[in-house]
Structures are given as C-alpha cells and as structure tokens.
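Only one structure is covered here, and it is reproduced in the block below.
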Amino acid sequence: MLKVTTDGIKIGLDQRLINPLLPDEPNTKINMCVNNVTDIWKKTADERLTQVIFCDYSTPKKDAFNLYDDVKSKLIANGIPVNEIAFIHDYEKPQDKERLFDKVRNGEIRIVLGSTQKMGAGTNIQNKLYAMHHLDAPWVRLEVA
C-alpha cells in the first residue's frame with residue numbers, strides 16, 4: 001500500500017519520476033509551479049522579493065532524473081539568472097546555511113528549493129518572502145507550514 005501511495009504522489013508530480021523516458025508533459029504540477037514562480041519573479045523584480053519551493057520527493061541526484069534540476073533548468077530557460085536560484089541541499093554546514101539565508105533575506109537569492117526536513121521549522125528567510133510553493137505536502141502534521 002505504501003508503494004502505491006508513493007508512486008501516486010510521484011505520478012502526481014511528474015511521470016518521469018516513475019519512468020524518466022516518458023515525455024515532459026506541459027501541464028504537470030512541476031511545470032505549473034515553474035510558470036507561477038517565473039510570473040512572480042517578474043512581477044516582484046523591482047522589490048527583489050523571494051520565493052521558496054518545497055519538494056520532499058526527488059531530491060538532487062547527479063546520475064538520475066530529479067525535480068530539483070528539472071525545475072532549476074526550466075527557471076533558467078525562463079530567464080531567471082542561475083545565481084538567483086539555490087538548493088538548500090548545497091549548504092550542509094550551519095554557517096553555510098546562514099549565509100544562504102542572509103542572501104535570501106536580502107533578495108540576492110530569490111528562489112530557494114528544499115525539502116521540508118532541511119528547510120522547514122527554524123528557517124528564517126521571511127524578510128522578503130512573497131510566495132511558498134509546496135510541490136508535495138508533508139504527511140506529518142507538524143511539518144505543514
């Protein structure tokens with residue numbers, strides 16, 4: 001039952017999580033999120049407001065399809081500079097995370113992607129935060145923002 005539920009969540013996000021050879025469908029939850037993030041990024045450019053994308057399935061991997069790299073490449077293709085996009089997973093040490101959070105708080109990094117576990121409770125980035133996008137809502141009540 002757990003496998004069926006997990007596969008259902010993955011299919012709901014992007015069918016390529018089940019089979020990377022399947023096509024990138026334009027109306028997936030991921031592509032709709034990318035479009036929303038891009039629209040908000042453009043609309044809030046003057047104020048350099050920020051956004052956070054939560055994704056608990058498909059964390060960054062080097063040798064396999066994953067949503068983090070897919071979202072990032074699509075945001076870049078939409079004109080968002082690579083230096084304005086960050087993955088929380090690239091900041092392991094507390095001092096590195098704090099540097100990232102400073103950049104998000106001042107609008108230098110405008111889009112940050114991360115899992116609920118790595119970027120949930122205790123993440124202080126709300127100064128310029130305009131939007132939060134949850135690609136896959138957590139199952140644990142305490143993790144729901």
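List of remarks:
- P(r), alpha carbons of segment 2-143 - 10 Å bins starting at zero, rounded %: 11, 43, 35, 11, 0
- Peptides 15-22, 129-136 ranked from most to least packed, by the mean per-residue count of other Cβ atoms within 10 Å: 129-136, 15-22.
- Of the residues 83, 18, 117, the one whose Cα sits farthest towards the positive end of the charge dipole of the chain is 117 (charges of +1 on Lys and Arg Cβ, -1 on Asp and Glu Cβ, taken about the Cα centre).
- Alpha-carbon centroids, segment 4-37 and segment 79-113: separation in whole Å: 25 Å
- Greater than 23 Å apart at Cα, pairs in 10/128; 3/61; 62/128; 72/97; 29/61; 29/103: 10/128; 62/128; 29/103
- Under 20 Å from the Cα of residue 43 - aspartates and glutamates, other chains or at least 8 residues apart: 84, 108
- Rounded to whole numbers, the Karplus 3J(HN,Hα) couplings from phi for segment 23-37 are x, 7, 6, x, 9, 6, 4, 5, 5, 5, 5, 4, 5, 5, 4 Hz, using 6.51 cos²θ - 1.76 cosθ + 1.60 with θ = phi - 60°, and x at Gly and Pro.
- Rounded to the nearest Hz, the phi-derived 3J(HN,Hα) couplings of segment 121-133 under the Karplus curve 6.51 cos²θ - 1.76 cosθ + 1.60 (θ = phi - 60°) are 3, x, 7, 9, 9, 7, 3, 10, 5, 9, 8, 10, 10, where x marks glycine and proline.
- Note on segment 66-122: percent of Cα-Cα distances in each 5 Å bin, starting at 0 and stopping at the bin with the largest distance, equals 4, 18, 29, 26, 17, 6, 1.
Read-outs: derived from the displayed coordinates by stated rules, not from any lab. Just so you know, these numbers come straight off a predicted model, no measurement behind them. Reconstructed Cβ throughout: ideal geometry from the backbone, glycine too, with neighbour counts over all protein chains shown.
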